[in-house]
């Protein structure tokens, strides 16, 4: 069964691409991953992960806000739609294994990560970019439920280190 098509609108005058009313960029994945790895080398893995988490958290939160408005979705449906859209855009296959909105926790599985596909023998922590994305998307759900808390994500296993898939946990920042 083929995945549902992702609508891409191209502005004839500017060449700008949009999907679901949001501006998009299309590029070869080796180009993106190569740049990603170069920045990590320059900054160091820890600082790179910290900056990516902050930026990814904010970007995912904004994406959820815009997708909810454009698609008429609400609450946890937006989180699941976010994972579906990531899956349709070539980042890998994303699936929520468990989500507990009351506790601010989620477990997300990633198969066929773009980072592992481009660097299959690079080791652990290849996919850390995604951690902030999941935390930001779940934080958006929190705000819709009237909850204000800081969430963080972390990769607990990576297919780049030989695991069958990547696994991410989202939890309250100051939680156990």
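The values are calculated or read from the model by the stated rules, or taken from the named source; none is laboratory data. Keep in mind that what you see is a predicted model, and the values were worked out from it rather than measured. Because the Cβ atoms are built from the backbone with ideal geometry, glycine has one as well, and the counts that use them run over all protein chains shown.
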* To do: Would you confirm whether any residue within region 104-115 is closer than 26 Å to residue 25 by Cβ, touching a strand residue (DSSP E or B) at 6+ places or on another chain (Cβ under 8 Å) and touching a residue at least 60 places away in the same chain (Cβ under 8 Å)?
  => yes
* Only one of (1) within 21 Å of residue 167 (Cα to Cα); (2) touching a helix residue (DSSP H, G or I) at 6+ places or on another chain (Cβ under 8 Å); (3) modelled with pLDDT of 95 or more is not met by residue 77, so which one is it? -> (2)
* Is there any pair linking a residue in region 141-165 that is at pLDDT below 95 to one that is in a helix (DSSP H, G or I), with Cβ under 6 Å and at least six apart or on different chains, and which? -> 159/116; 160/116
* Asked: Taking region 22-53 as the region of interest, how many residues are touching a strand residue (DSSP E or B) at 6+ places or on another chain (Cβ under 9 Å) and under 16 Å from residue 86 (Cα atoms)?
  -> 4
